[in-house]
Amino acid sequence: MSKCKFQRRMELLKELGYPVITLTEALEKHQSGELPKGATVITIDDGWQSTYEHMLPVLQALNYPATVYLTTYYCFNQLPVIDVALQYSIHQIDPKRYPLIHVPEYGLGPLPTRTHTEKKQVLAIASKILASLDSDSAKQLFLRSLCQQTGLDYEGLAADRLFHLMTPMEVKETAESGIAVELHTHHHRITHNDEDCLEHELAINSERIQAITGRVPTHFCYPSGRFSPEIWPTLRRTGIASATTTDIGLVNSQSERYALPRILDGQNVSELEFEAEMSGFMELIRHARNLFRSPA
């Protein structure tokens, strides 16, 4: 989402009279039945550098609270977030200049890049190669090699911090401005090598956030939205107050604290669509569709 579009979104919340409150306040008032009409919580995932540079000034200008779910590995290791940078790099390949991609030292290609489908195939194979590498430095070398073979500027991409998270100092400034910094796991995962690692990931994530902000985070957002009720006992045991999903919808009286839905906003969402979501109109449409899909 562009800075201008984000600013317009925030101004629209004010114009339409939606009260923006903190996540903690929303949960407390949700439980007591005292939520103001149209109560809105702003949540932002991952902790991208662009959140600090472009979103934070807008929130401060409007005096809006928000929650940033921070994944801490790339916060403390200032490198491009590898899977997102890889996806972007392959998408940016100019098929006229580089109709084939070939990175022989990693066994990639030659593969065609002319169409969107072909680029998706390249990404799938490149992602498997990435997963097979045993360290982040090795993965960054692979991305650098891929960029060299396709005319892309790895050094420029890294210098511009397009795919970097906030530094610890930027996170500290964000927290001091009144934005709540909460849990999103350390490595943006809840399993590793097909084994559950959620409790370990949360422990490191919490420790790093506490070291930066001086406060204990208690809210959690599932990495990539993947969740199951089977992991809720772990969340309870570790003192998590709430967990946010990427399921689209509004929170209501039946919403589970460990499966909070959200309205997912972005550059491709029009202002009309946004207003329809905020008003609850789209929630009614989804509910009606589900009724018609249900067996008689």
Solvent accessible area, Å² - Trp48, 1.4 Å probe, full protein context
50
Can you tally the net charge around Gln140? Count Lys and Arg as +1, Asp and Glu as -1, for every other residue whose Cβ sits under 15 Å from the Cβ of Gln140.
-3
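What do you reckon, how do Thr167, Thr191, Thr245 stack up by accessible area (1.4 Å probe), largest on top?
Working: Thr167 35, Thr191 80, Thr245 0 Å².
Sorted by accessible area, descending: Thr191, Thr167, Thr245.
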List every residue whose amide H lies under 5 Å from the amide H of Thr245, counting only residues 5 or more places away in sequence or on a different chain, with H placed 1.01 Å from N in the peptide plane.
Leu260
Out of Leu141, Leu260, Leu250, any idea which swings most in a Gaussian network model of the chain, alpha carbons joined below 10 Å?
Leu141
On the full set of protein chains, 1.4 Å probe, figure out the accessible area of Asp196 and give it in Å² to the nearest 10.
110
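Tell me, what is the per residue accessible area of region 46-161 in Å², probe radius 1.4 Å? Walk me through the intermediate numbers first.
Working: 5850 Å² over 116 residues.
Solvent-accessible surface per residue comes out at 50 Å².
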Accessible surface of His287 in the full protein assembly, 1.4 angstrom probe, to the nearest 10 Å²?
110
List, in the order given, every pair from Lys3/Lys128; Lys37/Lys120; Lys120/Lys172; Lys14/Lys139; Lys14/Lys172 whose Cα-Cα distance in the structure shown is over 32 Å.
Lys3/Lys128; Lys37/Lys120; Lys120/Lys172; Lys14/Lys139
Which residue, chosen from Ile21, Ala288, Leu59, occupies the Cα position most advanced towards the positive end of the dipole of the chain, where the dipole is computed from +1 (Lys, Arg) and -1 (Asp, Glu) charges on Cβ about the Cα centre?
Ala288
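Compute the longest continuous run of the chain that contains no exposed trypsin sites (Lys or Arg not before Pro); treat a site as exposed when its DSSP state is not H, G, I, E or B and it has at most 10 other Cβ atoms within 10 Å.
98-296
Treat every Asp and Glu Cβ in the chain as -1 and every Lys and Arg Cβ as +1, leave all other atoms uncharged, and give the resulting dipole magnitude about the Cα centre to the nearest 20 debye.
Numbers: 28 positive and 36 negative charges, 122 e Å.
Dipole size: approximately 580 debye.
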Angle check, please: helix 116-132 long axis (alpha carbons) against the longest principal axis of the chain (alpha carbons), in degrees 0 to 90, nearest 10.
90
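The values are calculated or read from the model by the stated rules, or taken from the named source; none is laboratory data. Every value quoted in this text rests on a predicted model; they were computed, and no experiment measured them. With ideal geometry, Cβ positions are generated from the backbone for all residues, glycine too; neighbour counts draw on all protein chains shown. For accessibility, only protein heavy atoms count, side chains too; no ligands or nucleic acids. Shrake-Rupley method; radii C 1.70, N 1.55, O 1.52, S 1.80 Å.
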